[in-house]
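**Student:** The structure that follows is given in the form of structure tokens.
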Amino acid sequence: MKKILILHTGGTIAMHEDKATGAIRPDNKNPLLHFDLPIDTDIEFITEEILNLPSPHITPAEMLLLKKRIVKAHNTGIAGVVITHGTDTLEETAYFLDVTVKEKIAIVLTGAMRSSNEVGSDGLYNFYSALRVAACQEASGMGALVVMNDEIHSARYVTKTHTTNVATFRSPTFGPIGLLSKHQIHFFQQPIQNNHLDITQVVGKIPIVKAYAGMDETLLNLLVEAKIDGLIIEALGAGNLPPASLPAIQNLLKTQIPLVLVSRCFNGIAEGVYDYEGGGKRLQELGILFCPGLNSQKARIRLLSALNSNLNKEQLAHFMTHPVQLA
Ligand code: ASP
């Protein structure tokens, strides 16, 4: 009999609305613990409330806990894992698992935009959809997946795009890799297989800084003092920075930490194109690593994973500049 492990971690999907105030609050008991859904009776579901946290409380330590539980599940014959999670940081946990779990096991994350007792609550439906995807043969070998609102997204590109809309999860540039219809699950694309990093710890300070018109050195110089282990810069356009920020960039480079650049644009990739002061070509020549295709929060998870593995400087640079590898 096929076994699916359900790991509840909290989030809106596990919360309820206080009808007197309209405030959304965590529940002591997950409303999805006992479900009666039209799912294949040949599947055994094993449910664990591994965490009960709003997702802004999730840190890489909890992501590592999930990774370890998934590896153990795989080693005991479990075919797929469904993780319910708050939507705010769901994409980061999903990407962490995409990078660190090499085992062939379906990993499907889902959540809800409306809590369990609100009108139009999407939690049970998304949970049901995630169970359907985790149970289907094609789901393993796709990397970590995010299933919400009838769509299947790769953890690599999906991002939360709307504060409240149930269609919040989108994959800019790339689109969903599949969808669910009433009777079927359709995969249209298969993500390219990636190298994985089998990490056992997640230590290190890696802030994210967003560039803006008129940015100067203030914030970046504070980071020189703060003794960080790496930095993600959300740069302008194709990968450029305001000239007034450059002296601090030089100071940070002198500390030998990896500086990783992504674009603040919603679509497209960062690339060293422009040859002017602060232009991407020159930033690349200075030694800044351009990470194509990932948003800043995912580049941060990737760098955190790289810093906690035993990659040397060149391997780390390659890992960060090639987030997708052809075998
Ligand atoms: N703030 C909530 C959380 O991430 C939002 C959600 O779950 O949709 O836990």
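No value in this document is a laboratory result; all are computed from the given coordinates. Remember, it's a predicted structure, so these values are computed and weren't measured experimentally. Ideal geometry is used to build each Cβ from the backbone, glycine not excepted, and the neighbour counts take in all protein chains shown.
**Student:** If amide hydrogens are placed 1.01 Å from N in the peptide plane, which non-local residues have theirs closer than 5 Å to the one on Glu151?
**Tutor:** It is Leu180, by chain and number.
**Student:** Pull out the extension gain between Glu44 and Gln189, defined as 0.36 nm times the separation in residues minus the alpha carbon to alpha carbon distance; nm, one decimal.
**Tutor:** Using 0.36 nm per residue and subtracting the Cα-Cα distance, I get 49.4 nm.
**Student:** Taking segment 163-238, which chymotrypsin sites (Phe, Trp or Tyr not before Pro) meet the DSSP loop condition and have no more than 14 other C-beta atoms within 10 Å?
**Tutor:** Filter output for segment 163-238: Phe188, Tyr212.
**Student:** Tell me what the chain gives for mean residue ellipticity at 222 nm when only DSSP H runs of n ≥ 4 count, each as -39,500 (n - 2.57), the sum divided by the residue total, rounded to 500 deg cm²/dmol.
**Tutor:** Computed ellipticity for the chain at 222 nm equals -8000 deg cm²/dmol.
**Student:** Turning to a different aspect of this structure: Using only Cα atoms and rounding to the nearest 10 degrees, what angle (0 to 90) does helix 123-135 make with the longest principal axis of the chain?
**Tutor:** The two axes meet at around 90 degrees.
**Student:** Compute the FRET efficiency between Ala244 and Glu314 as 1/(1 + (r/R0)^6), taking r as their Cβ-Cβ distance and R0 = 25 Å, and round to the nearest 0.05.
**Tutor:** The calculated FRET efficiency here is 0.20.
**Student:** Let me ask something else. Taking the square root of 5 times each eigenvalue of the Cα gyration tensor, what semi-axes in Å does the equivalent ellipsoid of segment 1-51 have, largest first?
**Tutor:** 28, 12, 6
**Student:** Then there is this: Please tell me the relative contact order of segment 60-178 in percent, rounded to the nearest whole number, where contacts are Cα pairs under 8 Å and at least six residues apart.
**Tutor:** Dividing the mean separation by the residue count of segment 60-178 yields 23 percent.
**Student:** Using only the alpha carbon atoms of segment 165-222, find the Kirkwood hydrodynamic radius as the inverse mean reciprocal pair distance, in angstroms to one decimal.
**Tutor:** About 17.1 Å, per the Kirkwood formula over Cα pairs.
**Student:** With all distinct Cα pairs included, what does the Kirkwood hydrodynamic radius of the chain come out to in Å, to one decimal, could you say? Show your work: numbers first, answer last.
**Tutor:** Working: mean 1/r = 0.0485 Å⁻¹.
Kirkwood radius, the chain: 20.6 Å.
**Student:** If you fit an axis through the alpha-carbon atoms of helix 296-307 and take the longest principal axis of the Cα set of the chain, what angle between them do you get, 0 to 90°, nearest 10?
**Tutor:** Helix 296-307 sits roughly 80 degrees off the main axis of the chain.
**Student:** Quick one: which residues, 5 or more positions from Phe290 or on another chain, have an amide H under 5 Å from its amide H? H modelled 1.01 Å from N in the peptide plane, none for Pro or chain starts.
**Tutor:** The list, which skips near neighbours in sequence, is Leu261.
**Student:** Hey, what do the phi angles of segment 172-182 turn into as Karplus ³J(HN,Hα) couplings, whole Hz, using 6.51/-1.76/1.60 and θ = phi - 60°, x for Gly and Pro?
**Tutor:** x, 6, 9, x, x, 9, x, 8, 10, 10, 4
**Student:** Is segment 32-122 rounded, prolate or oblate when judged by the Cα gyration tensor, a ≥ b ≥ c being the square roots of its eigenvalues, rounded requiring a/c under 1.5 and prolate requiring a/b larger than b/c?
**Tutor:** oblate
**Student:** Moving on to the next point. Can you grab the distance from the C-alpha centre of segment 157-220 to the C-alpha centre of segment 95-146, Å, no decimals?
**Tutor:** 14
**Student:** Still on this structure, please answer the following. Any lysines with Cα under 20 Å of the Lys104 Cα? List them, leaving off those in the same chain fewer than 8 positions away.
**Tutor:** Straight-line reach from Lys104, under 20 Å: Lys2, Lys3, Lys67, Lys68, Lys72.
**Student:** Using the alpha-carbon atoms, what tilt in degrees (0 to 90, nearest 10) does helix 60-75 show relative to the longest principal axis of the chain?
**Tutor:** 50
**Student:** Compute the label zone of Thr161 within segment 169-192: residues whose backbone N is under 16 Å from the point 7 Å along Cα-to-Cβ.
**Tutor:** Taking a point 7 Å out along Cα→Cβ of Thr161, the residues of segment 169-192 whose backbone N falls under 16 Å are 169-179.
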